[in-house]
Amino acid sequence: MSTKTKIITVSFSPAWDITCRGRNLDWGSHEYIDQQTIRPAGKALNVSKALAWMGQRSTATGLWAAQDYRQMQKAVHSAWPLIGVKMTAAAGHTRQNVTVVDTANDRDMHLRNKSTLATRSSLRRLKADLQPRLDKNSLCVFAGAMPDGELLGDVVGLVKGCEHGGAKILVDTSGPALRELVATGCVWLIKPNVNELRELLGEQIADNPAGLAGAARELLDKVEIVLVSRGKKGALLVTAHGAWRGQCRGRRRIASTVGCGDYLLAGFLRALKEGTRPDLALATGLKAATARAWGWHEATSWSAARRRTKVELSRVS
């Protein structure tokens, strides 16, 4: 990557994120909440939002329902002006994700529904909208749930078309879509979590640095970079030049775990774009993910969060 790289995030299954925060919430209770936020989201758009917090421009593309497109566009432009919105309007409804956070007991619940925006017609229009934006300096980040079944072939064709247009391809998804896309050999980077890596390889991999690194190396004939997110255990990076593990030092109260993987990916990409070595880029990604978990992205600048967050990094043999 270089400073000329244009980051384009692509979402097939965007959402409105509705977050409700309260105290001592439980089944059967009737409680007033302390705060509610409603924001346009989805994994791909979350990567763009994380990049914007770090001062990096990106273009958010993919599908969004025509009926609330202007509402989404206004919300993004107001909160994250560094994001260029170039979504493809589709028929149907933008799904809603509901997160309930019990602040008194440090627990949360995530409720999801499925997206109906992806059809053969909307995917064809999205492919046509993407092509003029692609060149050798483009990086396309395909993140979040992807259509499977009869639409999986259309998705694979769309991603391969972006690679043929000169773009590097990054994929952060799971299941059949991840397996099929990796098999094409057109993907530059994947970011599975431990369970997604196990599913991809069909193996019961031990969640330790040596086991994960050994498993990820099996994929290097298809992809250049494997970035494995490990939750509280940090993350692992595997390339042809080596493997590294990293983990945040210090403990603080977790504000929310939602979106931490997206911030990990955004921080890693931001550092690579600045010319940072991949192992040090892993440390930057972990700082961004940790800042997200601690809630610093809401009220603290990226430069301050980066300075205050410490990461332990080591090579894996």
Its Cα gyration tensor gives region 123-255 an equivalent ellipsoid whose semi-axes in whole Å, largest first, are 28, 16, 15
How big is the C-alpha Rg of the chain next to the rule-of-thumb value 2.2 N^0.38 Å, as a ratio? 0.96
If you take every residue apart from residue 305 with its C-beta less than 11 Å away from the C-beta of residue 305, what net charge results, scoring Lys and Arg +1 and Asp and Glu -1? +4
Work out from phi, with θ = phi - 60° and the Karplus expression 6.51 cos²θ - 1.76 cosθ + 1.60, the ³J(HN,Hα) of each residue of region 18-23, listed in order in whole Hz, and give x for Gly and Pro. 10, 10, 10, 10, x, 10
To make sure I understand, if each residue's beta carbon is the centre and we count other beta carbons within 10 Å, what order do 311, 141 fall in, fewest to most? 311, 141
Considering only 246, 202, 153, give the residue with the highest GNM mean-square fluctuation for the chain, with springs between Cα atoms whenever their separation is below 10 Å. 202
Just from the alpha-carbon atoms, what are the Rg and Dmax of region 161-219 in angstroms? 12.2, 38
Long-range amide H partners of residue 311, meaning residues 5 or more apart or on another chain whose placed amide H is closer than 5 Å, are 249
Do the sum for the chain: with -39,500 (n - 2.57) for every DSSP H run of n ≥ 4, divided by all residues, what is the mean residue ellipticity at 222 nm, to the nearest 500 deg cm²/dmol? -10500 deg cm²/dmol
Env charge @ residue 80, Cβ radius under 11 Å, K,R +1 / D,E -1, value +3
Picking from 114, 168, 191, which is most flexible by a Gaussian network model of the chain using Cα springs under 10 Å? 114
Among 107, 57, 307, which one shows the biggest mean-square fluctuation in a GNM of the chain, springs joining Cα atoms closer than 10 Å? 307
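Each reported figure results from applying straightforward, stated rules to the coordinates on display, with no laboratory input. Predicted model only: the values in this text are computed from it and were never measured. Every residue, glycine among them, receives a Cβ derived from its backbone with ideal geometry; neighbour counts consider all protein chains shown.
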